[in-house]
Amino acid sequence: MELQTYLLLSAVTFIIGVVGVLARRNAIIVFMSIELMLNSVNLTLVAFSAYLGDVTGQMLVFFVMTVAAAEAAIGLAIIIALFRNKQTVNLDDINILKW
Amino acid sequence: METLVADIWRSTPLVLLTLVGLIALLVEGSGKGRAAAVYWISLVGTIASFVLSFLSLNTEEAAFNDMILQGGYAAFFGMIFTASAFGTLILSRSYLRRLHTERGEFYVLIVFAAIGMMLMASAIDLIILFLGIEVMSICLYVLVGFLRTKLTANESALKYFLLGAFTTGFLLYGIALIYGTVGSTSFRAISAAFPAVSNQPLFLLGAAMLVIAFSFKVAAVPFHMWAPDVYEGAPTPITAFMSTGTKAAAFAAFVGVFLGAFQIAGSKLSEVIALAAAASMIIGNVVAISQSNLKRMLAYSSIAHAGYMLSGISAANREGETGILFYLATYTLMNLGAFGVLSWVEQKDDTKLTFDDYAGFSAQQPFLAALLSIFLFSLAGIPPFAGFFGKYYVFLAAVKADLTWLAIIGVLTSVVSVYYYLRLVMMMYFQPGGATVEEPPAQMAFIAVTCAAILVVLFGIYPSLIVDLTKEFLNI
């Protein structure tokens, strides 16, 4: 398989993630879309890393995975704190502060 | 082993602050009621790190296999971040005590956020840059939503988190594409390969993604929408921290990548940044006029200030970089001070935060009103305060880089900004009313804010005090 195939796949996944963030209103699903974006980046990095024969890209993937885990912990905690106060995770209902 | 020890020895400001943060975390975890101890440990840590940064200002060298730069540029920013963290710690103490929500974690998170900022400024590799941004952001997501029983805090934390994580995706995709075209993530390799790759579509796409990510972090138009909401919902000392330390860190990384690793002078990238600068100055200043909440007003003002500094980046010359460094150092002082006074007047449930709540403030609290006026005059860029020279340098840089139109927009929008800054001064001095503070500010916080005001005046009269420091280590 060629490099382009992988890049195309990850670009498509990335765009699906971006569209998900912009179009969906449920905070959890928005968050899942963000994870999809991060993982498509991981695919790009691994593809480049294999293509270039250089290990830096794969190393970066490990960092990305670690950071994504930390972000998931914080993000879910914030969503739970909000849910306790407001009993909703719909972004359209979260509007005390004007955008 | 020897190099490891030498590298750790070189990066003492960073290593020391990390150790202090870990110790503070352990102390906090060791039992109940340790918040005061954690506070003092954090405070001493930031002071020590500030002093170490100052001492390493003249020795610039790379450490840890060209991953981190120590001294010089990193040390200058290290001083800004530790000063900002120091001020935030002091303001937080009295703020949290007033709300009866003092917890040690709050101080620890401020210290770790400062560590992330220092990593961002020291990064000479995109991996470290990414890690620094994340260390800082993850701490800030928590700090913004720290008052978790408050709905506005939840809301602003969620907005900041979702948009911040969204931008992380762009940042990483940008890094991945640049890595793919250059074959390395080190600034030195990118800088060497830049002339060859700068016209490749993949590289340009990657660079554009980085522009998006950094524009979000510095709150520049069109990626500024989060700033007013997050600034309003966050605890006031954290708002101060975000508008000073975080902004400085984002600019440190922005300058490091776009003036250090890339050579953007005269390129398409520089034009894009110039447009973002113009839009930030116009939208930030115009929308700030219509705000009644002071935290929101200062949020829009911080968007405008991001615009002024971006014009320094798009100019991409020596004056521009000096200007940004000077601007960030003084902006940190004046914004920290302004938010400090705001946090004393503010009362529970987010009241006393509008213009009208300051009517007659000068009659009740003449000294505090004078302090706030100094900060506001400086933010407006009126001489002899430090804010004037910051603007002067970045606009001068824009003119020298043939971006005269940008400088003209900057000067005109600065005039607009005078309206909303002076409106608050008018309120305090010429409107009858009984605005005052509920309880006098804690002594240390009071001294810190007074010192900030003195420095704002001092750097306004002797700008060379900072400019001379920056001469040694500019990227260009």
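The values are calculated or read from the model by the stated rules, or taken from the named source; none is laboratory data. Since the structure is predicted, the reported quantities are computational estimates derived from the model, not experimental observations. Don't worry about glycine lacking a Cβ; one is built from the backbone with ideal geometry, like all the others, and counts go over all protein chains shown.
In table form, for the structure just shown:
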{"read-out": "B:I128 out of contact with any Phe, Trp or Tyr (no Cβ under 8 Å at 6 or more places or on another chain), under 19 Å from B:R188 (Cα atoms) and within 12 Å of chain A (Cβ to nearest Cβ)", "value": "yes"}
{"read-out": "Any hit, segment B:178-192, residues being in contact with a helix residue (DSSP H, G or I) (Cβ under 8 Å, 6 or more places away or on another chain), under 17 Å from A:G75 (Cβ atoms), surrounded by fewer than 24 Cβ atoms within 10 Å (Cβ to Cβ) and not charged (D, E, K, R)", "value": "no"}
{"read-out": "Single condition B:L69 does not satisfy, out of (1) in contact with a Phe, Trp or Tyr (Cβ under 7 Å, 6 or more places away or on another chain); (2) at pLDDT below 95; (3) within 19 Å of B:A250 (Cα to Cα)", "value": "(1)"}
{"read-out": "Residue list for segment B:170-212, restricted to those being in a helix (DSSP H, G or I), of a type in the set (S, T, N, Q) and closer than 21 Å to A:M59 by Cα", "value": "B:T181"}
{"read-out": "Filtered residues of segment A:2-13 (kept if within 14 Å of A:L38 (Cα to Cα) and either away from chain B (no Cβ under 12 Å) or of a type in the set (D, E) (or both))", "value": "A:L9, A:V12"}
{"read-out": "From the options B:L310, B:L336, residue that is more than 24 Å from B:V399 (Cβ to Cβ), at pLDDT 90 or above and either assigned to a helix (DSSP H, G or I) or in contact with a helix residue (DSSP H, G or I) (Cβ under 9 Å, 6 or more places away or on another chain) (or both)", "value": "B:L336"}
{"read-out": "Residues of segment A:50-92 that turn out to be surrounded by 12 or more Cβ atoms within 10 Å (Cβ to Cβ), more than 8 Å from chain B (Cβ to nearest Cβ), assigned to a helix (DSSP H, G or I) and not aliphatic (A, V, I, L, M), as a count", "value": "3"}
{"read-out": "Members of segment B:176-196 found to be of a type outside the set (G, A, S), touching a residue at least 40 places away in the same chain (Cβ under 8 Å) and more than 8 Å from chain A (Cβ to nearest Cβ), listed by number", "value": "B:I178, B:F187, B:R188, B:I190, B:F194, B:P195"}
{"read-out": "Number of the exception - B:P384 against (1) in a helix (DSSP H, G or I); (2) closer than 21 Å to B:T322 by Cβ", "value": "(1)"}
{"read-out": "Any hit, segment B:85-107, residues being under 30 Å from A:I29 (Cβ atoms) and either free of Cβ contacts under 8 Å to residues at least 12 places away in the same chain or within 14 Å of chain A (Cβ to nearest Cβ) (or both)", "value": "yes"}
{"read-out": "Selected residue (only one of B:L69, B:L119 is surrounded by 23 or more Cβ atoms within 10 Å (Cβ to Cβ), more than 17 Å from the chain's Cα centre (by Cα) and under 21 Å from B:K247 (Cβ atoms))", "value": "B:L69"}
{"read-out": "Options B:L202, B:L259: the member that is closer than 30 Å to A:D54 by Cα, at pLDDT below 95 and within 11 Å of chain A (Cβ to nearest Cβ)", "value": "B:L202"}
{"read-out": "Of residues in segment B:144-169 being under 22 Å from B:F254 (Cβ atoms) and more than 8 Å from every other protein chain (Cβ to nearest Cβ), the one surrounded by the fewest Cβ atoms within 10 Å (Cβ to Cβ)", "value": "B:L163"}
{"read-out": "Yes/no for B:G323 being assigned to a helix (DSSP H, G or I) and either over 18 Å from the mean Cα position of the chain (by Cα) or of a type in the set (G, A, S) (or both)", "value": "yes"}
{"read-out": "The one condition in (1) assigned to a helix (DSSP H, G or I); (2) within 22 Å of the chain's Cα centre (by Cα); (3) not hydrophobic (A, V, I, L, M, F, W, C) that B:N475 fails to fulfil", "value": "(1)"}
{"read-out": "Lone qualifier among B:Y173, B:Y141 - being facing chain A (nearest Cβ under 7 Å) and touching a residue at least 24 places away in the same chain (Cβ under 8 Å)", "value": "B:Y173"}
{"read-out": "Selected residue [in contact with a Gly (Cβ under 7 Å, 6 or more places away or on another chain), more than 22 Å from A:V21 (Cβ to Cβ) and in contact (Cβ under 8 Å) with a residue 40 or more places away in the chain] from B:A121, B:A157", "value": "B:A121"}
{"read-out": "Test: residue in segment A:34-43 that is among the β-branched types (V, I, T), at the interface with chain B (Cβ under 8 Å from one of its Cβ atoms) and out of contact with any Lys or Arg (no Cβ under 7 Å at 6 or more places or on another chain)", "value": "yes"}
{"read-out": "Flag if A:I16 is free of Cβ contacts under 8 Å to residues at least 60 places away in the same chain, within 11 Å of another protein chain (Cβ to nearest Cβ), in a helix (DSSP H, G or I) and on the phi < 0 side of the Ramachandran plot", "value": "no"}
{"read-out": "Filter result for B:V456 (in contact with a helix residue (DSSP H, G or I) (Cβ under 6 Å, 6 or more places away or on another chain), under 30 Å from B:E319 (Cβ atoms) and free of Cβ contacts under 8 Å to residues at least 24 places away in the same chain)", "value": "no"}
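For every residue, the table says whether it meets (1) under 23 Å from the mean Cα position of the chain (by Cα); (2) within 30 Å of B:F254 (Cβ to Cβ); (3) in contact (Cβ under 8 Å) with a residue 24 or more places away in the chain; (4) not in a helix (DSSP H, G or I).
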position	(1), (2), (3), (4)
B:S414	yes, yes, yes, no
B:P432	no, no, yes, yes
B:C451	yes, yes, no, no
B:L469	yes, yes, yes, no
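For every residue, the table says whether it meets (1) at pLDDT 95 or above; (2) of a type in the set (A, V, I, L, M); (3) touching a strand residue (DSSP E or B) at 6+ places or on another chain (Cβ under 8 Å); (4) surrounded by 15 or more Cβ atoms within 10 Å (Cβ to Cβ).
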position: B:M1; (1), (2), (3), (4): no, yes, no, no
position: B:R34; (1), (2), (3), (4): no, no, no, yes
position: B:I41; (1), (2), (3), (4): yes, yes, no, yes
position: B:V51; (1), (2), (3), (4): yes, yes, no, no
